[in-house]
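FYI, it's all coordinate maths here, none of it is from the lab. Model, not experiment: these values are computed from the prediction. Every residue, glycine among them, receives a Cβ derived from its backbone with ideal geometry; neighbour counts consider all protein chains shown.
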Amino acid sequence: MTEQRILKITDISSDGENTEKVEMETTCQYYGTKENYTVEFDEIFAEDMKSRTTLRVKNGSCAHLLRQGSINTELIIEKGVRHNCAYSTPYGELMVGITATDFISEAEENSLRLKMNYTVDFYGEINQTKEMTVEVGDIIPERKD
């Protein structure tokens, strides 16, 4: 059985002129080993828009982010490798290129800090730089009603 844990995600995006910082705190399930682990959580984008998100890290060096629901995304983030990835929203679908410039995974049995710096390109032209930090912390005690 996996335990509910506290999850904090910080996402900083820049298009070269403007920078936007988004922070989210929620609960998640976190399990696996130091090198190969999974974080699962629900994201709510608006009252009627939510997705189930699964983040899997393999060999401590490659992340596979899968969103399923109102927003469907499949991103592969790996240092020095460009991956073509599908990004779908209620407004349309995009194919984007994702290339990580930095990937730091500090996973322990009870906590996680993952930092990924990557670029997002459309048709080979870099459109955004991103810095995503994922932190998993304390166990949330079970409620006894």
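Percent of Cα-Cα pairs more than 15 Å apart in region 9-57, please. Beyond 15 Å sits 61 percent of the P(r) for region 9-57. Can you give the Kirkwood hydrodynamic radius for region 100-145, in Å, rounded to one decimal and based on Cα pairs? In region 100-145 this quantity evaluates to 13.0 Å.
Projected label points at residue 122 and residue 10, each 7 Å from Cα along the beta carbon direction, are separated by 2.8 nanometres. Eigenvalues of the alpha-carbon gyration tensor of region 44-99, scaled by 5 and square-rooted, set the equivalent ellipsoid semi-axes at 23, 14, 6 angstrom, largest first.
One decimal place: the segment residue 101-residue 47 gains 16.0 nm when fully extended, by the rule 0.36 nm per residue minus the C-alpha distance. Put a plus charge on the Cβ of each Lys and Arg, a minus charge on the Cβ of each Asp and Glu, and nothing anywhere else: the dipole of region 1-77 about its Cα centre is then about 460 debye.
Which label belongs to the value computed from this structure, given these candidates for P(r) over Cα pairs in 5 Å bins from 0, in percent: (1) 2, 9, 21, 24, 22, 14, 6, 2, 0, 0; (2) 2, 9, 17, 22, 22, 15, 7, 3, 1, 1, 0; (3) 2, 9, 17, 17, 14, 13, 11, 9, 5, 2, 1? Looking at P(r) over Cα pairs in 5 Å bins from 0, in percent for this model, the match is (2). Along region 44-57 the Karplus relation, 6.51 cos²θ - 1.76 cosθ + 1.60 evaluated at θ = phi - 60°, assigns HN-Hα couplings of 10, 9, 7, 3, 10, 10, 9, 9, 8, 10, 10, 10, 10, 10 Hz to successive residues, with x for each Gly and Pro. When the Gaussian network model of the chain links Cα atoms closer than 10 Å, the mean-square fluctuations of 50, 130, 115 top out at 50. GNM remark for the chain: springs join alpha carbons under 10 Å apart, and the peak mean-square fluctuation among 120, 22, 39 falls on 22.
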